[in-house]
Structure formats: structure tokens, C-alpha cells
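What follows is a set of notes on a single structure, which appears directly below.
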Amino acid sequence: MSADTSDTGDNTGTSANAMVIIGASLAGAKAAQALREEGWDGPIELIGNELDLPYERPPLSKGYLQGKEPRDKAFVHDGAWYVENQIGLRLGRTAAAFDRKQHVVHLDDGTEVPYAKLLLTTGSTPKHLPIPGGDAPNLSYFRTLEDSERTRAQLIPGSRLVIIGAGWIGLEVAAAAREQDVEVTVLEAAAQPLLRALGPDVGALFAHLHRTHGVDLRLNTNVDSFTLEEKDGVEVASRVRLTDGTEIEADHFLIAVGISPNTKLAEAAGLEVNDGIVVDQTLRTADPDVFAAGDVARAWHPFYEQPIRVEHWANALNQPKVAAASMLGADQEYTRLPYFFSDQYDLGMEFVGHVPHEGYDQVVFRGDPDSGTYVAFWLSADRRVLAGMNVNVWDVVDEVRALILGRAEIDVARLKDPGVPLAEVAA
């Protein structure tokens, strides 16, 4: 769903008291909504470089890619909502810079948009592979609705797809492709898929899941280069060469090796950047009039007593309400635990919590992982729950969240026993 012009809504009220949001994403749209719900009746400007209305990303690699959901289901609101709520929606426009002293955003077309408060929801960009042939025009990335549409069109039965990277996006696209009888090869440099997110024990379960569904999953595998061939006057990638000399031919290649937060605007404006825009628990930067939310925000988390940046949908959905309240002077704190979900083949899972970079002590399974129905818990050395993941087990997220927040020492034997209520597993 694209706007008929680059602007949707009433932009005539732009003034120095405007709430301006850079990034017409889920986070940006939810922030505009929250500002109105919190009673702000002044101008709101929402700036985005895509032509589509703000949308959610989970359907892109799940329901829409699988052909199970219509395209329009991804949109946060329809076009009429922005008009009715007098949101100045500037689509197809890029914020080139913002001046903190003058309180003005400079757009790529020369327009100046003054602001009273500014929220950055600029999101992230897929990482590229710095290898020979890595700039070939037929290499695909997966971030936008346009990316999803292109990938969906490529999922032709019998075609060959190589995915480089066995993270969440890579594996979800692999699952969608296999369901369309596409021949899929996944190349991963680490020893297991999802190694950084889940560790080796649970990563191995996802490796088994994909191999049983026919994916050629190659671990501890590094890519050296792409072999280019001329096609219709353009050099395109036809094969990927591994560091061991193996070459794999494919019809399509998808690069899914992670994302980088879009921090250049903030950095150029002199804000602190450290793997994201650094903000406090109210989502405010060191500048009292500039805030950040979603993928791009590295926010202080009161429960963990450290800054964390979460790249998942729940943050983009929930942080904007806190950011909007803080922009209006309420100074709310964002305290939600990280949460995400994934659907792959017949596996549905939810993950809540945060495993710090220094790691965890053990993974405990409640139920038999081989059955495909279980809950995994990541425990610290002092037997406290850091995170939990329920696989094809539903309505337990609140109980898992309570275990994490309670910080109680756990009786591991009781935690493993599905017959013991989770509320009664403390030592």
C-alpha cells in the first residue's frame, strides 16, 4: 500500500512545536499513534525513505512470504488513519541531517522541518559481504517489503536458492522456500545456526529441524567469492565459491549475515553512538529533545542494569509508547524484557529474556526436545533463569517471564519436570 504522493496527511501545520519522527517504520508509526493517544494535539511529522506506508516486518519472512497472509496485513495503519489523525506523513523522503542547535531536520529535497522534540526510529540495514563479486546486482538482501516481494517471486519449485547466514531471517526464508519445493543450501560460518542467540545446544536442534526438511545446511563454512557471468550485458553472480574451493551454483542468492543500526544521522549530529544510539531508560539521548526507539536504540535496561539493543519486533512495537510519553515530559521507563518469536515449518516458538554476552551456565529442557514440544531455559551459574524459549508449547510466556523477574534460585529437577507447575520450581 503506497501513498499517492510523497506526503500523506496534513503537513501545513509544521511548526517549531512539532513532534518529528525520522523513520516511517513500525516504531515510527506506533510513536505517532502513542503521541495522539497521550493527548498531543499539535503537529506530528513522520519521515520515511520508502514509498510504502509504515509496516511490520514479521510478515515479510513469515506469513506474507509463505503466501498465507495478504500484503496489506503488514501495514500498521491504512492511509486514511494518518489523514484522520493529522499525521504529516512524508514518504519517499530521506532525512539528510538534523541541527540540534536550530532544532530543524534537513530533508534530501531541501525541505527544512523544525521540531520541538525529535524521535529517531531509523532502524537497521543488512550487512553486505566484503568479498569479490559481493556487489553483484542479483544478490538479494532481506529487510524491506520490496525485498520480501522479490524473494517471494523467486520461490519457484525446483529452483535453487543459496542463503548465506543461518540467523533468524536466513532460517525463516529457508523454511518458506522448502515449503515451495525450492532446493535450499544454507551456508553458515559458525558451528551451529543461531549460535550467538541460542548457544550450541539449542542451535543444534534448529540444525536438525532444517536438515530433516531437506535443507543442505553447511556449518563452519566460509564464503570466499562469487563467480560472475555476463547476462543481458550485466555481470551477475552464478556461483558462490567457498574457502575450501567448493563452488555452488544457484538461481538465486540471499545474503542474511545480520544487520547494522542506522546511526549515521545521530553520529553526524554529535550524539553518542555505540552499537546503536545510546539512550537512557526513558529512551532519551544526552540531548533532552532527542529520543530513539526500536532497532537503532541502545537503551539502558533497569532490570539488567546495562545498556542493550534488541533487534526484534516487540521492541519496535512497545518502546514507542514510552518514547512518546517521555517526549511529552512524563519520563516513563522502558522495562519490558526482550521477546521475539519465529515460525519455521511446523515449529512455532517464543523467546523471552536476555542472555548476556558473558554467557550462561547451562540449558535445561522441560520436555523432550526430540518430540518437537518443549521449553528450554538458560540458567546462570547460581541457577537463576536468564531466558526461556517455548517450542510448540503455548500460554507459558508470562510464567517464564515471572521466573526471570523473580531472580529465584531454581530446583533444576523440578524445572525439568512438566508435571511441576512453573510457579513451583524455586529451590
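Only the coordinates and a few stated rules stand behind these numbers; no lab work does. Quick caveat: nothing in here was measured; it's all calculated off a predicted structure. Cβ coordinates were reconstructed from backbone atoms using ideal geometry, including for glycine residues, and neighbour counts include every protein chain displayed.
Among 226-232, 324-330, 273-279, 396-402, how do they line up by average Cβ neighbours within 10 Å per residue, starting with the highest?
273-279, 324-330, 396-402, 226-232
Projected onto the charge dipole of the chain (+1 at Lys/Arg Cβ, -1 at Asp/Glu Cβ, origin at the Cα centre), which of Leu198, Ser342, Ala256 gives the Cα projection farthest towards the positive end?
The residue sitting most towards the positive pole is Leu198.
In the range 139-256, if every C-alpha pair distance is counted and binned at 10 Å from zero, what percent goes to each bin?
14, 45, 34, 6, 1
Read through the labelled values [x] -0.32, -0.42, -1.47; [y] -0.37, -0.49, -1.32; [z] -0.36, -0.47, -1.49 and report the label of the one computed as log10 I(q)/I(0) by the Debye sum over Cα atoms at q = 0.07, 0.08, 0.14 Å⁻¹ from the structure.
It is the value labelled [y].
In a shell of Cβ-Cβ distance under 10 Å around Glu272, excluding Glu272 itself, what net charge do Lys and Arg (+1) and Asp and Glu (-1) give?
-1
Using the charge dipole of the chain (Lys, Arg: +1 at Cβ; Asp, Glu: -1 at Cβ; taken about the Cα centre), state which of Pro137, Gly92, Met389 has its Cα farthest towards the positive end.
Farthest towards the positive pole: Met389.
How many percent of all Cα-Cα pairs in the range 346-424 sit more than 22 Å apart?
Distances greater than 22 Å cover 14 percent of the Cα pairs.
Looking at the range 139-256, what % of its DSSP beta bridges pair antiparallel, to the nearest 5?
Percent antiparallel among DSSP bridges in the range 139-256 is about 45.
Can you pick out the pairs among Lys73/Lys321; Lys62/Lys127; Lys68/Lys321; Lys127/Lys264 whose Cα atoms lie more than 24 Å from each other?
Where the Cα-Cα span goes over 24 Å, the pairs concerned are Lys68/Lys321.
Restricting to bridges with both residues inside the range 256-316, how much of the DSSP beta-bridge set is antiparallel, in percent to the nearest 5?
Around 60 percent of the beta bridges assigned by DSSP in the range 256-316 are antiparallel ones.
Please list 214-225, 51-62, 412-423 highest first by mean number of surrounding beta-carbon atoms within 10 Å per residue.
The most tightly packed comes first, giving 51-62, 214-225, 412-423.
How large is the charge dipole for the range 57-166, taken about the Cα centre, if only the Cβ atoms of Lys, Arg (+1) and Asp, Glu (-1) carry charge, to the nearest 20 debye?
Here the size comes out at about 440 debye.
For the range 346-424, with only Lys/Arg (+1) and Asp/Glu (-1) charged at the beta-carbon, what is the dipole magnitude about the Cα centre, in debye rounded to 20?
The dipole of the range 346-424 has a size of about 200 debye.
Around Phe75, what is the net charge, scoring Lys/Arg as +1 and Asp/Glu as -1 over all other residues with Cβ under 9 Å from its Cβ?
Overall, the nearby charge balance is -2.
Which of Ala299, Gln319, Gly329 sits farthest toward the positive end of the charge dipole of the range 286-408, with +1 on the Cβ of Lys and Arg and -1 on the Cβ of Asp and Glu?
Gly329
Among 374-383, 286-295, how do they line up by average Cβ neighbours within 10 Å per residue, starting with the highest?
286-295, 374-383
Summing +1 for each Lys or Arg and -1 for each Asp or Glu, what net charge is found among the other residues whose Cβ lies under 12 Å from the Cβ of Thr221?
Neighbourhood net charge equals -2.
Rounded to the nearest 20 debye, what is the charge dipole size of the chain about its Cα centre when +1 sits on each Lys and Arg Cβ and -1 on each Asp and Glu Cβ?
Around 520 debye, computed over the chain.
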